[in-house]
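K.L.:
Sending over a structure as structure tokens; questions will come in a sec.
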Amino acid sequence: MSDTGLVKHTGGCHCRAVTWEIQAPSTLSIDECNCTICAMKGFQHLIVPRTRFALLTGGDNIATYTFNTGVAQHYFCKTCGVQSYYVPRSNPDGFSVNFRCLDKASVVDARIVPFDGRSGWEAGAKKLAHLSKD
């Protein structure tokens, strides 16, 4: 672990064409949103500042999906279809990686926290804003 309390975590899509690394604590708080798209995808959010995310491979193998406001940039591997990370509408200055796509060797503990994105997304999103700040 570094002197900042952050460790390097790696992850990626199913076929590993898209891989990335993030800097985050070894003990994680994971937000599980129940909005329509997150519930359908099973996305478990680990939001980090843009400066703590690095795309390692697959930049040329990504398709993007947007809807509604167009702020969220949903990135999918063109080969296997997995969305391992994206730019969330709640935190357009950061990235959210899917905890399900994180290599768990660097994780000491993880707590899944329910996030009500279905009935109060706008109010709830304000509670997430600090997660993408350095």
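The values are calculated or read from the model by the stated rules, or taken from the named source; none is laboratory data. Because the structure is a prediction, the values reported are computed rather than measured. No Cβ is skipped: glycine too gets one built from the backbone with ideal geometry, and neighbour counts run over all protein chains shown. For the accessible areas, the whole protein counts, side chains as well, though only heavy atoms, and no ligand, DNA or RNA atoms are used. Shrake-Rupley method; radii C 1.70, N 1.55, O 1.52, S 1.80 Å.
K.L.:
Which shape class applies to segment 1-78: rounded if a/c is under 1.5, otherwise prolate when a/b exceeds b/c and oblate if not, where a ≥ b ≥ c are the square roots of the Cα gyration tensor eigenvalues?
P.N.:
Values: a/c = 1.96, a/b = 1.32, b/c = 1.49.
Cα axes put segment 1-78 in the oblate bin.
K.L.:
Going 7 Å from the Cα of ILE37 in the Cα-to-Cβ direction, what parts of segment 77-92 have a backbone nitrogen less than 11 Å from that spot?
P.N.:
Hits in segment 77-92 for ILE37 at 11 Å: 86-90.
K.L.:
What is the dipole size for segment 1-77, taken about its Cα centre, with +1 at each Lys and Arg Cβ and -1 at each Asp and Glu Cβ, in debye to the nearest 20?
P.N.:
80
K.L.:
Please give me the summed charge of the neighbours of ALA54: other residues whose Cβ is under 14 Å from its Cβ, Lys and Arg +1, Asp and Glu -1.
P.N.:
Details: positive: LYS8, ARG50, ARG52; negative: GLU21.
So the environment of ALA54 carries a net charge of +2.
K.L.:
Please report how far the C-alpha centroid of segment 5-49 lies from that of segment 61-134, rounded to the nearest whole angstrom.
P.N.:
7
K.L.:
Calculated FRET efficiency, LYS133 and LYS104, Cβ-Cβ r, R0 30 Å, to nearest 0.05?
P.N.:
Numbers: r = 26 Å, r/R0 = 0.86.
The pair LYS133/LYS104 has a calculated efficiency of 0.70.
K.L.:
In the Gaussian network model of the chain, springs joining C-alpha atoms below 10 Å, which of GLY42, GLY117, GLY70 carries the largest mean-square fluctuation?
P.N.:
GLY70
K.L.:
Dividing the convex hull volume of the alpha carbon atoms of the chain by its residue count, what do you get in Å³ per residue? Let's see the in-between values first.
P.N.:
Values: hull volume 13.4 nm³, N = 134.
Measuring per residue, one finds 100 Å³ for the Cα hull of the chain.
K.L.:
Using a probe of 1.4 angstrom, how much of the accessible area of the chain is carbon and sulfur, in percent? The partial results should precede the final answer.
P.N.:
On the way: 3790 of 6970 Å².
Heavy-atom surface of the chain belonging to carbon and sulfur, 1.4 Å probe: 54 percent.
K.L.:
Which of the peptides 9-18, 122-131, 32-41 is most tightly packed, and how do the rest follow, judged by the mean count of other Cβ atoms within 10 Å per residue?
P.N.:
Working: 9-18: 20.1, 122-131: 13.1, 32-41: 15.4.
With the highest mean Cβ count within 10 Å placed first, the list reads 9-18, 32-41, 122-131.
K.L.:
How much accessible area per residue does the chain have, counting only protein heavy atoms and a probe of 1.4 Å, in square angstrom? Don't skip to the answer; put the middle values down first.
P.N.:
On the way: 6970 Å² over 134 residues.
On a per-residue basis, 52 Å².
K.L.:
What does the net charge come to around CYS77 if you take all other residues with beta carbon closer than 15 Å to its beta carbon, with K and R at +1 and D and E at -1?
P.N.:
Values: positive: ARG16, LYS41, LYS78, ARG100; negative: ASP60.
Summing Lys/Arg as +1 and Asp/Glu as -1 gives +3.
K.L.:
Which of PHE43, SER29, ASN91 sits farthest toward the positive end of the charge dipole of the chain, with +1 on the Cβ of Lys and Arg and -1 on the Cβ of Asp and Glu?
P.N.:
PHE43
K.L.:
Just the number, please: percent antiparallel of the DSSP beta bridges in segment 13-114, rounded to the nearest 5.
P.N.:
So the antiparallel bridges in segment 13-114 amount to around 75 percent.
K.L.:
How high is the FRET efficiency between ALA63 and SER26 when r is their beta carbon distance and R₀ equals 30 Å, given to the nearest 0.05? Could you put the intermediate results ahead of the total?
P.N.:
Values: r = 32 Å, r/R0 = 1.06.
For ALA63 and SER26, the calculated efficiency is 0.40.
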